[in-house]
Structure formats: C-alpha cells, structure tokens
Amino acid sequence: MVINPIEDTLYYIDRNNQLLKVSLALDGTDPESTRSDYVHGPFHHEEITGMDTCLRKQLIVTCSASYIMIWNYAERKYEVCYKTPIGEDATAVAIHPSGFHIVAAVGDKLLLMNILSNSIMEYHNISMKNCREIRFSNGGHMFAAGVGSYSHVYNFYTVECPQNQQCKGHSGKISCIDWFEDDSGFSDSCTQGLVAFYPLQLQRAEQTRDKDKDFKRRATAITGIANVPGHQSRAVVAQAERKLWDTVDDHNPCETRYNIS
C-alpha cells in the first residue's frame, strides 16, 4: 500500500490482486468516504479462459471463471462486467461485430446477452455442456460453438441449429474456430492436431467437410488458427510445439521462440 503525496488517498492491492483506492478524510461525516474504488477497474484474478475482439467498436471481451468483462482497448479502460453465478464457470466468450451482444459459455449453458451502458443482461440461453470455443461470423448473423469434438453453427437471430449444421469431423476436443472472410464457412481445429474446413453449402447438402483440405500434424494440439483472406480453405496454424504452419504446406513450418495461442 502507499499514500499519495498530499496524503488524502490510500492506494492498495488486495488479496485478489486488485488495485483500489480509499479516501483518508475519515472524519465520519461522509459514509461514502470509507468506500474503496477501483483505480482502473476490476482485473481478472483468475486464469483468462476466453477473449474476443469487436469488429466495429474498440472493445475487447474477456472471461475467467467468475467474471465476463468488457474493455475499451483504445482508451485502455474497463467498461462493464458480469459476475457468473456461484459454481458456474465461464469457459468461452464471443462478442457480436456490432458490439451490442455477447455469447458466453457459462456452466452448462450458452448465454446470449445484451451489453448495456452499465451492465450485461442475459436475454436467452441454450443448454450446452463443455463448450470451450465460440466465434461469431464476420456479419454477425451466425455463430459457431465448439462442444466436445463437434462444431455447432447457430443462426444468431433465431437461435436455431439444424442437424445439418452440426459439424462432425474431429476425434479430439475443438480448440479453435475461425470464419472464412465471406462467411461461406469456417475452419476449426482440435487437440489431436487436425484442422478441418467446412464450406456451409457442402455441409448443409451432404453433411461433410472439404476433406481434401484437411491439415494434420500428429497428435499435437492446435493452439491458434487464422484463415488467409481471399482463400476459402487455407489457414495459418499455431501448434503447441512452437511452430507456425501454412495448411497448404505441411513440410516447412516457421519455427518460433514462443508458444502462440
């Protein structure tokens, strides 16, 4: 803890690693004077389990087991947060391109929520266990949720997920999802090292993926994936062994010094 130079404010860090301040004008005349305030806003004190960036606003959403938080990255400040119910951990989150909605995996549900000026309010939920990845399409009319070894594609406005939009192609758990630039499909990866590409027209008609474009690197988890703009079934992939791959070349990785996620 530390007192500022004019000795009217005490700054301190609590057991949850939060930076707070409290007024030292403790004459008892103002009950609000003993209330502690966050200096920058509350920070996560648990492992961050999900993050997403808004396309049309300068916002980032992050989640840990107990909190979902919205941040303004341009002004470097905290905006608003949602505390999850006790015993229901948040494991994944995605923000709508408009910046007005989020979808979060909390406990055994997907929560569809509105971002208001001073709160985050749930308006619908979907029963779903063990979701670890959620990603909105670039247009915001669809979102994909990774549940176990399946990726489920939902219509955001009707919250429908027909059978032919439940994409099955992995033996391991889904680790990453990224949409094609034109939202005609998406790619996903799993903990067993497989990257699969799903053009939605093919998936809806035949309930299969573009298997000729599959990328497989042993049984090593894929930790990140980003589709290449202008190429429907080509992506840059980060592997747990500190390597980056172009999915059209499975012989020449880019060696990195760090694990990329």
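Somewhere in the stretch 54-73, is a residue of a type in the set (Val, Ile, Thr), loosely packed, with under 15 Cβ neighbours inside 10 Å and farther than 15 Å from Leu116 by Cα?
For the stretch 54-73, residues of a type in the set (Val, Ile, Thr), loosely packed, with under 15 Cβ neighbours inside 10 Å and farther than 15 Å from Leu116 by Cα: absent.
Which ones in the stretch 28-55 are charged (D, E, K, R) and either modelled with pLDDT of 95 or more or in contact with a helix residue (DSSP H, G or I) (Cβ under 8 Å, 6 or more places away or on another chain) (or both)?
The one that is charged (D, E, K, R) and either modelled with pLDDT of 95 or more or in contact with a helix residue (DSSP H, G or I) (Cβ under 8 Å, 6 or more places away or on another chain) (or both): Asp52.
Find the residue count for the stretch 202-225, including only residues that are hydrophobic (A, V, I, L, M, F, W, C) and part of a loop (DSSP other than H, G, I, E, B). Even if it seems obvious, please write down each step before you answer.
To start, the set of residues in the stretch 202-225 that are hydrophobic (A, V, I, L, M, F, W, C) comprises 202, 205, 215, 219, 221-222, 225.
If we keep only those that are part of a loop (DSSP other than H, G, I, E, B) as well, we get 219, 221.
Matching residues across the stretch 202-225 total 2.
Give me the pairs, please: first residue somewhere in the stretch 39-56 and within 30 Å of Ser23 (Cβ to Cβ), second residue anywhere and in a strand (DSSP E or B) and among the β-branched types (Val, Ile, Thr), beta-carbon distance under 7 Å, and either six or more positions apart or on two chains.
Pairs found: His44/Thr62.
Go through the stretch 74-89 and give me each residue that's within 17 Å of Tyr123 (Cβ to Cβ) and either surrounded by 15 or more Cβ atoms within 10 Å (Cβ to Cβ) or among the polar types (S, T, N, Q) (or both).
Matches in the stretch 74-89: Val80, Tyr82, Thr84.
Condition first: outside any strand (DSSP E or B) and surrounded by 16 or more Cβ atoms within 10 Å (Cβ to Cβ). Now tell me which residues in the stretch 150-201 satisfy that.
Phe156, Cys161, Gln165, Gly169, His170, Gly172, Lys173, Phe180, Thr191, Gln192, Gly193, Leu200
Looking only at the stretch 134-149, which residues are more than 16 Å from the chain's Cα centre (by Cα) and either modelled with pLDDT under 95 or in a strand (DSSP E or B) (or both)?
Scanning the stretch 134-149 gives Gly148, Ser149.
Out of the stretch 228-261, which residues are of a type in the set (Phe, Trp, Tyr), in contact with a Pro (Cβ under 9 Å, 6 or more places away or on another chain) and either in contact (Cβ under 8 Å) with a residue 40 or more places away in the chain or assigned to a loop (DSSP other than H, G, I, E, B) (or both)?
Matches in the stretch 228-261: none.
Return the pairs, sorted by first residue and then second, in which the second residue is among the charged types (D, E, K, R), the first residue lies in the stretch 60-76 and is within 14 Å of Ala94 (Cβ to Cβ), the beta carbons are less than 6 Å apart, and the residues are 6+ apart or on different chains.
Val61/Asp52; Ile70/Glu79
The values are calculated or read from the model by the stated rules, or taken from the named source; none is laboratory data. From a predicted model like this one, the values you see are computed outputs, not experimental measurements. Glycine also receives a Cβ, built like all others from the backbone with ideal geometry; neighbour counts cover every protein chain displayed.
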